[in-house]
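Visitor: One structure, as structure tokens, below. Some questions next.
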Amino acid sequence: MHLDLSPLGKVWLLDLDGTIVRHNGYQTGEDSFLPGALEFLQQISRGDVVIFLTSRTREVMAKTEAFLRKHNARYSQSIFGLIRGERKCSDY
């Protein structure tokens, strides 16, 4: 996949479960990336900020972040403990 983006820096807000990794995979064994997700993350410019959002509890934060590090999934920050539901963003 190729994204045609402006040269400006970006902040990527990405939901974790069902977007980057298999939904609730951590509850049934082990996390796994969805097809193409790791490759997508690797295409994001090093100068950009990547923030993962998740309703996962803080109790599984260390295990989740260890999985991401093991696979060299670059990210700047993760926010755990959000409510379950849709994630909405707006730039206005």
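The values are calculated or read from the model by the stated rules, or taken from the named source; none is laboratory data. It should be emphasised that the depicted structure is a prediction, and the values quoted were computed from it without experimental measurement. Ideal geometry is used to build each Cβ from the backbone, glycine not excepted, and the neighbour counts take in all protein chains shown. These accessible areas exclude ligands, DNA and RNA; they are computed on the full protein's heavy atoms, side chains included. Shrake-Rupley method; radii C 1.70, N 1.55, O 1.52, S 1.80 Å.
Visitor: Could you work out [θ]222 nm for the chain from helices alone, using -39500 (n - 2.57) per DSSP H run of at least four and dividing by all its residues? Round to the nearest 500 deg cm²/dmol. Numbers along the way, then the final one.
Guide: Values: 2 runs with 17 residues, N = 92.
Dividing the helical sum by the residues of the chain leaves -5000 deg cm²/dmol.
Visitor: Above 18 Å lies some portion of the pair distances; for the chain, what is it as a whole percent of all C-alpha pairs? Let's see the in-between values first.
Guide: Working: 1873 of 4186 pairs.
Distances greater than 18 Å cover 45 percent of the Cα pairs.
Visitor: Continuing with this model, one more query. Which of ILE20, PHE33, ALA66 sits farthest toward the positive end of the charge dipole of the chain, with +1 on the Cβ of Lys and Arg and -1 on the Cβ of Asp and Glu?
Guide: ALA66
Visitor: Please report the antiparallel percentage of DSSP beta bridges with both residues in the chain, rounded to the nearest 5.
Guide: On the way: 1 of 10 bridges.
Here the antiparallel bridges make up roughly 10 percent for the chain.
Visitor: What is the angle, in °, between the Cα long axis of helix 61-70 and the longest principal axis of the Cα atoms in the chain? Nearest 10 is fine, range 0 to 90.
Guide: Between helix and principal axis, roughly 60 degrees.
Visitor: Ratio of Rg to Rh for segment 5-52, alpha carbon only, Kirkwood? If you can, show how the numbers build up before the last one.
Guide: Values: Rg = 12.4 Å, Rh = 11.8 Å.
My calculation of the ratio gives 1.05.
Visitor: May I have the extent of the alpha carbons of segment 43-88 along their three principal axes, as whole Å values ordered from largest to smallest?
Guide: Between the extreme Cα coordinates on each principal axis of segment 43-88 lie 29, 26, 12 Å.
Visitor: Per residue, how many Å² of accessible area does the chain show with a 1.4 Å probe?
Guide: Numbers: 6380 Å² over 92 residues.
Normalised by residue count, the accessible surface of the chain is 69 Å².
Visitor: Here is a follow-up. Can you give the FRET efficiency for TRP12 and SER32, using 1/(1 + (r/R0)^6), R0 = 25 Å, r = Cβ-Cβ distance, to the nearest 0.05? Mind showing how you got there, number by number?
Guide: Working: r = 21 Å, r/R0 = 0.82.
For TRP12 and SER32, the calculated efficiency is 0.75.
Visitor: Leaving ligands and nucleic acids out of the surface, order PHE40, PHE67 by accessible area at 1.4 Å, largest first. Could you put the intermediate results ahead of the total?
Guide: Working: PHE40 45, PHE67 20 Å².
Most to least solvent-accessible, the answer reads PHE40, PHE67.
Visitor: Could I ask something else about it? What figure, in Å² to the nearest 10, do you get for the accessible area of TYR75 with a 1.4 Å probe and non-protein molecules left out?
Guide: Its heavy atoms expose roughly 50 Å² to the probe.
Visitor: Ignoring any ligand, DNA or RNA, what whole percent of the accessible area of the chain comes from carbon and sulfur when the probe is 1.4 angstrom?
Guide: Details: 3480 of 6380 Å².
Carbon and sulfur together cover 55 percent of it.
Visitor: Pop a pseudo-label 7 angstrom from the Cα along the beta-carbon direction at both ARG46 and ASN72 and give the gap in nm to one decimal.
Guide: With each label point 7 Å from Cα toward Cβ, the separation is 1.2 nm.
Visitor: ARG22 versus MET61, label points 7 Å from Cα toward the beta carbon: distance in nm?
Guide: So the label points at ARG22 and MET61 sit 2.6 nm apart.
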